[in-house]
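Peer 1: Okay, handing you the structure first.
The values are calculated or read from the model by the stated rules, or taken from the named source; none is laboratory data. Owing to the predicted nature of the structure, the values given are computational and were not obtained by experimental measurement. Backbone-built Cβ (ideal geometry, glycine too); neighbour counts: all protein chains shown.
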Amino acid sequence: MKQRKIPMRTCVITKEKCEKKDLLRVVRTPEKEVKVDLTGKLNGKGAYLKKDVEDIKKAHQNKILDRVLEIEVPDAIYEELINIIK
């Protein structure tokens, strides 16, 4: 039986390649909103983050998501990401 290809994505914080299911996706929609994409199918520019609280806090301190998504990311998004991990 043929092996299925496992989708790999790069974490914007650690630059590590991980399986897509081990990452969280944050999206800037065409309407200039920032949302957490749990389905992985929302339309817009996306960024992947490792499911690690320390990495999320690091992204918040260094404003990494702001640079990657080219928009200011509200604090509520970071809180939502931490709650999803816990």
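Peer 1: Which members of the stretch 51-81 meet the condition of being of a type in the set (D, E, K, R) and either part of a loop (DSSP other than H, G, I, E, B) or in contact with a Phe, Trp or Tyr (Cβ under 9 Å, 6 or more places away or on another chain) (or both)?
Peer 2: Residues of the stretch 51-81 of a type in the set (D, E, K, R): 51-52, 54-55, 57-58, 63, 66-67, 70, 72, 75, 79-80.
Selection gives LYS51, ASP52, LYS57, LYS63, GLU70, GLU72.
Peer 1: Provide a single number: the residues in the stretch 72-86 that are touching an Asp or Glu at 6+ places or on another chain (Cβ under 9 Å) and under 15 Å from VAL34 (Cα atoms). Spell out the reasoning first.
Peer 2: The first filter runs over the stretch 72-86 and keeps only residues touching an Asp or Glu at 6+ places or on another chain (Cβ under 9 Å), leaving 72-73, 85.
The next check asks that each one be under 15 Å from VAL34 (Cα atoms); those that pass are 72-73.
The qualifying residues number 2.
Peer 1: Go through (1) assigned to a loop (DSSP other than H, G, I, E, B); (2) in contact (Cβ under 8 Å) with a residue 24 or more places away in the chain; (3) of a type in the set (Ser, Thr, Tyr) for TYR48 and report which single condition fails.
Peer 2: Of (1) assigned to a loop (DSSP other than H, G, I, E, B); (2) in contact (Cβ under 8 Å) with a residue 24 or more places away in the chain; (3) of a type in the set (Ser, Thr, Tyr), only one is false for TYR48: (1).
Peer 1: For residues in the stretch 8-26 being among the β-branched types (Val, Ile, Thr) and touching a residue at least 40 places away in the same chain (Cβ under 8 Å), which is farthest from ASN62 (Cα to Cα)? Walk me through it before giving the result.
Peer 2: Within the stretch 8-26, the subset among the β-branched types (Val, Ile, Thr) is 10, 12-14, 26.
Cutting the leftovers down to touching a residue at least 40 places away in the same chain (Cβ under 8 Å) gives us 12-14, 26.
Details: VAL12: 12, ILE13: 10, THR14: 12, VAL26: 16 Å.
If we take residues in the stretch 8-26 being among the β-branched types (Val, Ile, Thr) and touching a residue at least 40 places away in the same chain (Cβ under 8 Å), then VAL26 is farthest from ASN62 (Cα to Cα).
Peer 1: Among the residues that make up the stretch 9-16, is at least one of them assigned to a helix (DSSP H, G or I) and either surrounded by 10 or more Cβ atoms within 10 Å (Cβ to Cβ) or modelled with pLDDT of 95 or more (or both)?
Peer 2: Quick first cut of the stretch 9-16, residues assigned to a helix (DSSP H, G or I) only: none.
The answer is no; no qualifying residue exists.
So that you can scan it fast, the table gives a plain yes or no per residue for (1) closer than 23 Å to PRO74 by Cα; (2) free of Cβ contacts under 8 Å to residues at least 24 places away in the same chain; (3) out of contact with any strand residue (DSSP E or B) (no Cβ under 9 Å at 6 or more places or on another chain); (4) hydroxyl-bearing (Ser, Thr, Tyr):
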| site | (1), (2), (3), (4) |
| --- | --- |
| ILE6 | no, yes, no, no |
| ARG28 | yes, no, no, no |
| THR39 | yes, yes, no, yes |
| ASN43 | yes, yes, no, no |
